[in-house]
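The structure appears right after this line, and notes come after that.
The values are calculated or read from the model by the stated rules, or taken from the named source; none is laboratory data. All figures in this text were calculated on a predicted structure; none of them were measured in a lab. When we count neighbours, we look across all protein chains shown, and the Cβ atoms used for this are built from the backbone with ideal geometry, even at glycine.
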C-alpha cells in the first residue's frame with residue numbers, strides 16, 4: 001500500500017517534467033490564446049500542488065484523469081485494452097511452462113548428456129536474444145517468407161502465435177534453468193531416495209514426488225515472471241501492433257499523454273502486486289511448511 | 001512472515017537469472033572452468049576494437065546520406081554495391097558503418113550505467129550490511145520493492161521525461177541496476193563482517209567509515225567485479241530495448257536498438273536493415289554472459305549459488 005502511494009508520487013512528479021503536452025497537441029499556427037485555453041481545459045494551468053491533490057483525490061475514487069489523446073477517462077482506455085493483453089500474457093506464460101518443465105526436467109535427469117547441453121544452449125541463447133529482434137525475425141520467416149502466419153494486429157487464433165512465442169521465448173530460457181536446478185536439488189533429497197528404495201516406479205518418483213516439490217521455487221517466481229511479461233509486452237505488442245496495454249504504454253510515452261501514462265503505470269503496479277499476493281497464497285498451498293502469522 | 005520474505009528474496013534472485021545470469025552449467029565440469037572462453041573473449045575484443053576504431057575502420061560516415069544509393073542490398077546480393085558491404089538504409093547510409101558506430105553507443109552506455117548503478121549498489125550494500133539494524137531493514141525493503149516492480153516502466157518514463165540522451169539513459173538503467181548489486185553485496189558484507197580482522201579493527205578503535213572503506217570494501221571487490229561482468233549483457237539488452245522503443249540516444253547517432261526499429265517497417269523488402277544489428281546484440285550479449293560466467297567461476301565460485 002505504502003509502495004503504491006510512493007509510486008503515485010513518483011509517477012506524478014515524473015509526468016510533470018515530461019515536457020508539455022500542449023506543445024504536442026497544438027498545431028504550429030496556434031495562438032497564445034489557444035494554448036492558454038487548452039492548458040485550462042487540461043487543468044495544467046493550476047499550481048503543481050493543486051494538480052497533485054486533484055490527482056490523488058481522483059485516484060482514490062478510481063478516477064485517474066482524462067486521456068489527452070483519446071479524450072476519454074484514462075482508466076476506461078486502459079481497461080478497454082487490458083483484455084487483449086490478458087489473453088496474450090497467460091498464453092505466453094502457459095507456452096513457456098509447457099516448454100520449460102519437460103526441457104528442464106529432462107536436462108536434470110539426463111544431466112551431463114547431449115540433451116542437457118542442448119537445453120543449456122537453448123537457455124543461454126534465449127537469454128541473449130533481444131525479443132524485439134526475435135519478433136521481427138519471426139515475422140520475416142513465418143509471415144513474409146513462408147506466408148503461414150499473420151504479422152500484425154489481432155483477429156484469428158493464428159494472430160496469437162507469433163506474439164506469444166516472442167513474449168514467451170526468454171521466459172523459457174530462464175525457466176528451463178530454474179526447473180533444471182530445482183529438480184537436481186530435489187532428486188538429491190532424502191524423500192526421493194526413500195521413494196526409490198520403497199520401489200516406487202521411476203515415473204512416479206519423477207512426476208509426483210519430484211515435480212511437485214521442484215515446482216515450489218518456480219511457482220514462487222510466477223510473480224516475477226508475470227512482472228517480466230507485463231514489461232516484455234510493451235516491446236512485443238509494439239512489434240506486432242497488438243492493441244493491448246503494452247502498445248498503449250508505448251503510445252502514451254510517444255504522445256506524451258500524461259494522465260494515460262500515470263494511469264497505466266499505477267494500474268500495472270496494482271496488477272503486478274496483486275499477482276504477487278496471489279502467488280504467495282498459492283505458495284503456501286503448495287508448500288504446507290509455509291505458514292503466515 | 002520471515003518465510004514470505006525468504007521466498008521473495010529467492011524470487012528476486014532467480015528473477016535476475018531470467019534477466020541474463022544463472023548458475024553455469026555443471027556439464028562443463030570443474031576442470032575446464034579455469035580456462036578462458038576463447039570465442040566470447042574474441043567477440044568482446046572485436047567489439048571493443050570496432051567501437052574504439054570506428055572512425056578508422058568504417059568505410060563511410062554513419063550519418064552521411066546518399067539518396068541515390070538508398071536501400072542497396074548487401075554486396076553479395078544481386079544489385080549490391082561493393083562500396084556498401086552490408087547495404088544501405090532508407091536514407092542511403094552505410095549499414096556497416098552504422099553498425100560499427102552503434103557499438104560505441106552500446107559500450108558507452110553499458111560502461112557508464114554499470115559504474116553508476118554498481119557504485120550506488122556497492123555503497124548501499126556495504127552500508128546496509130555493515131550497519132545492520134533499522135537502516136538495513138529499511139534499505140532492503142526499498143531494494144525488494146525496486147526488484148519486484150517492473151522498473152523498465154519507470155526507466156521508459158524517465159528516458160522520455162528528462163529528454164533523450166546519454167545521461168538520461170545511464171540514469172534510467174542505473175535505477176534498475178543498483179538494487180541487484182546492493183542485495184548481493186550486502187550478503188557478502190554480512191559474511192565478511194563476522195571475520196576476525198573486522199573485530200580486530202573495531203577493537204583497535206578504527207572508525208566505522210574506515211572499516212567499511214579499508215577492511216570491508218577490498219573483500220567484496222571480487223564479488224563486485226563479477227557482478228559487473230555478469231550484468232554487461234543485461235545492460236546492453238535494456239539499452240537496446242529502450243532505443244528500440246524510441247527512448248534511447250536520439251537520432252542521427254546510430255544505436256543498434258534504433259537500427260532494428262528503423263528497419264522494422266522495411267522488413268519485407270530490406271532484411272539487411274534489421275538483421276545485422278540484432279545479430280550484433282545477440283552475439284555481444286552472449287559473449288559477455290559467457291565471459292561473466294567464467295569470471296565468476298574463477299574469481300568467486302561461491303556466487304554461483306546466489307546469482
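Among the residues of the range A:221-236, those identified as part of a helix (DSSP H, G or I), surrounded by 24 or more Cβ atoms within 10 Å (Cβ to Cβ) and in contact (Cβ under 8 Å) with a residue 12 or more places away in the chain are A:223, A:225, A:227, A:229, A:232, A:233, A:234, A:235, A:236.
Just one residue in the set A:153, A:111 is outside any helix (DSSP H, G or I) and farther than 28 Å from residue A:240 by Cα; that residue is A:111. Scan the range B:268-284 and tell me whether some residue there is assigned to a loop (DSSP other than H, G, I, E, B) and more than 7 Å from chain A (Cβ to nearest Cβ). Within the range B:268-284, one or more residues are assigned to a loop (DSSP other than H, G, I, E, B) and more than 7 Å from chain A (Cβ to nearest Cβ).
For the range B:184-222, filtering for residues that are part of a loop (DSSP other than H, G, I, E, B) and under 23 Å from residue B:302 (Cα atoms) leaves 2. For residue A:253, the requirement of being under 16 Å from the mean Cα position of the chain (by Cα), without any contact (Cβ under 8 Å) to a residue 60 or more places away in the chain and facing chain B (nearest Cβ under 7 Å) is not met.
Just a yes or no: is a residue in the range A:134-149 touching a helix residue (DSSP H, G or I) at 6+ places or on another chain (Cβ under 9 Å), assigned to a helix (DSSP H, G or I) and more than 26 Å from residue B:273 (Cβ to Cβ)? No, the range A:134-149 has no match at all.
Of the residues in the range A:237-249, at least one is facing chain B (nearest Cβ under 10 Å), over 21 Å from residue A:76 (Cα atoms) and part of a helix (DSSP H, G or I).
A residue that is over 30 Å from residue B:230 (Cβ atoms), in contact (Cβ under 8 Å) with a residue 12 or more places away in the chain and either within 12 Å of chain B (Cβ to nearest Cβ) or surrounded by fewer than 14 Cβ atoms within 10 Å (Cβ to Cβ) (or both) occurs nowhere in the range A:157-170. The residues of the range B:94-117 that are at pLDDT below 85 and within 15 Å of residue B:271 (Cα to Cα), listed by number, are B:94, B:95, B:96. Only one of the numbered conditions (1) facing another protein chain (nearest Cβ under 10 Å); (2) within 24 Å of the chain's Cα centre (by Cα) is violated by residue A:121, and that is (2). Looking across the range B:252-269, the residues that are more than 20 Å from residue B:112 (Cα to Cα) and surrounded by fewer than 24 Cβ atoms within 10 Å (Cβ to Cβ) come down to B:252, B:262, B:263, B:264, B:265, B:266, B:267, B:268, B:269.
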